[in-house]
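Read through the structure below, which is laid out as structure tokens, and then see the notes.
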Amino acid sequence: MNTEKVRCAIIGSGPGGYTAAIYASRAGLKPIVFTGSAPGGQITMTDKIDNFPGYPEGISGFGLMEDIKKQAERFNAEIRSESIVKVDFSKRPFTLCTENDNVILAESVIVSTGASARWLGLESENKFRGMGVSTCATCDGFFYRKKDVAVIGGGDTACSEALYLSSLCNKVYLVVRRDVLRASKVVQDTLMKKENIEILWQQKPLEILGDESGVTGLRLVSSVDEKQTDINVLGVFVAIGNIPNTEIFKGQLDLDESGYIITKGNTSYTNIAGVFAAGDVQDSRYKQAITAAGSGAKAAIDCERWLMENPLQ
Ligand code: NAP
């Protein structure tokens with residue numbers, strides 16, 4: 001077990017965490033970023049980002065995160081492939097325990113642990129996870145070349161996944177529980193032009209069907225008249241939103257009813273002085289790469305100023 005003192009620990013490595021690392025390292029705080037088990041965060045699963053400023057031709061989520069990471073490393077931010085599994089924010093320095101039993105004593109902490117894909121909660125979903133059920137078209141779409149698949153959800157993620165899959169698969173069913181999509185207009189317009197995407201309106205997934213080879217179909221129930229329908233698909237992509245990664249902060253940081261960290265006013269301050277939050281973990285509203293990056297910059301600026309005003313005795 002190693003014990004190490006740091007001025008600024010950043011937990012999480014999405015656009016919020018890496019941007020905080022750029023600002024904190026330029027401010028001389030020598031931050032250490034603990035990447036967690038998914039370096040780069042959820043956005044690395046996105047095939048193409050067309051709305052991050054500075055990339056006129058668009059960029060892959062993975063490419064974007066590699067660029068932001070490199071920028072942080074240019075200013076000597078340390079990026080560590082380790083997860084923080086326990087925290088104690090009751091006294092300063094704050095204690096962070098890593099999965100390898102290392103202990104970090106941090107003068108300040110920026111939490112940017114992001115969010116994870118929400119699951120439907122069906123038993124059959126669990127059973128066929130990795131055998132036809134996925135939350136990442138960019139990662140797993142390749143296996144369904146020229147096959148029929150279903151995407152569940154009506155938000156930007158589901159529509160983007162459906163669009164990506166439509167270029168690989170024979171047919172893509174988009175299963176939407178209401179009679180409207182939640183996705184942005186530009187994405188909806190593109191989707192409507194794709195001949196091999198069929199929207200199944202007002203349908204809810206009831207059961208994922210399959211055998212020992214994996215998924216073979218999806219049973220749907222109408223939200224209108226409860227009528228059940230089976231569709232033949234070999235892949236089911238679940239894209240029904242996210243849940244914030246705040247389990248290890250429960251009881252220490254103030255969370256809202258959905259589990260997002262509550263920040264004060266227009267700042268990154270949490271209820272614990274010296275602990276700041278950035279990115280999707282504190283944003284149930286915008287959840288864009290650019291807003292996460294912006295909040296990472298704010299958190300590092302708040303952190304730098306706070307450390308100046310509150311030196312550790
Ligand atoms: P979202 O906007 O919350 O949409 C979730 C979708 O899943 C909604 O259509 C919802 O239906 C449906 N849903 C939820 N629970 C369900 C269930 N149990 N069964 C069936 N359907 C269910 O989530 P998201 O699409 O992941 O987007 C999250 C945020 O990231 C948004 O702010 C989005 O704009 C952003 N985002 C942006 C981009 C981009 O700009 N390129 C890409 C991806 C995501 P209801 O509408 O009926 O609630």
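The values are calculated or read from the model by the stated rules, or taken from the named source; none is laboratory data. These numbers come from a predicted model, not from an experiment. For neighbour counting, all protein chains shown are included, and Cβ atoms are generated from backbone atoms with ideal geometry for every residue, glycine included. Please note that ligands, DNA and RNA were not included when accessible areas were found on the heavy atoms of the full protein model with its side chains. Shrake-Rupley method; radii C 1.70, N 1.55, O 1.52, S 1.80 Å.
In summary, strands (runs of 3 or more DSSP E) completely within segment 1-98 and bearing 3 or more residues that are assigned by TED's automatic domain parsing to the domain that holds residue 110 and crowded, with 20+ Cβ neighbours inside 10 Å occur at 3-11, 32-34.
Can you find, within segment 159-206, the residue that is nearest to the ligand (Cβ to nearest atom) among those that are assigned to a helix (DSSP H, G or I) and free of Cβ contacts under 8 Å to residues at least 12 places away in the same chain? Break it down stepwise before answering.
First, the residues of segment 159-206 that are assigned to a helix (DSSP H, G or I): 159-166, 185-192.
Going one step further and asking which of them are free of Cβ contacts under 8 Å to residues at least 12 places away in the same chain, we end up with 185-186, 189, 192.
Details: 185: 11, 186: 9, 189: 13, 192: 16 Å.
The selected residue is 186.
Every listed requirement among (1) near the ligand (Cβ under 9 Å from one of its atoms); (2) outside any helix (DSSP H, G or I) is met by residue 131 save one, (1).
Out of segment 269-313, which residues are within 16 Å of the ligand (Cβ to nearest atom), among the β-branched types (Val, Ile, Thr) and open to solvent by less than 30 Å² (accessible area, probe 1.4 Å)? Of everything in segment 269-313, just one residue is within 16 Å of the ligand (Cβ to nearest atom), among the β-branched types (Val, Ile, Thr) and open to solvent by less than 30 Å² (accessible area, probe 1.4 Å), namely 281.
Within the set of pairs 6+ apart or on separate chains, which have a first residue in segment 240-260 that is without any contact (Cβ under 8 Å) to a residue 40 or more places away in the chain, a second that is more than 16 Å from the ligand (Cβ to nearest atom), and C-beta atoms under 7 Å apart? Within 7 Å, the pairs are 254/262; 254/270; 254/271; 255/246; 255/261; 255/262; 256/262; 259/246.
Which of the residues spanning segment 207-259 are assigned to a loop (DSSP other than H, G, I, E, B), within 16 Å of the ligand (Cβ to nearest atom), more than 25 Å from the chain's Cα centre (by Cα) and under 14 Å from residue 149 (Cβ atoms)?
Taking segment 207-259 and keeping what is assigned to a loop (DSSP other than H, G, I, E, B), we get 212-213, 223-227, 233-234, 239-241, 245-246, 250-254, 256-259.
Imposing the further condition that a residue be within 16 Å of the ligand (Cβ to nearest atom) reduces the set to 223-224, 226, 233, 239-241, 245, 256-259.
Narrowing the set further to residues that are more than 25 Å from the chain's Cα centre (by Cα) leaves 223-224, 226, 233.
The answer is 233, and nothing else.
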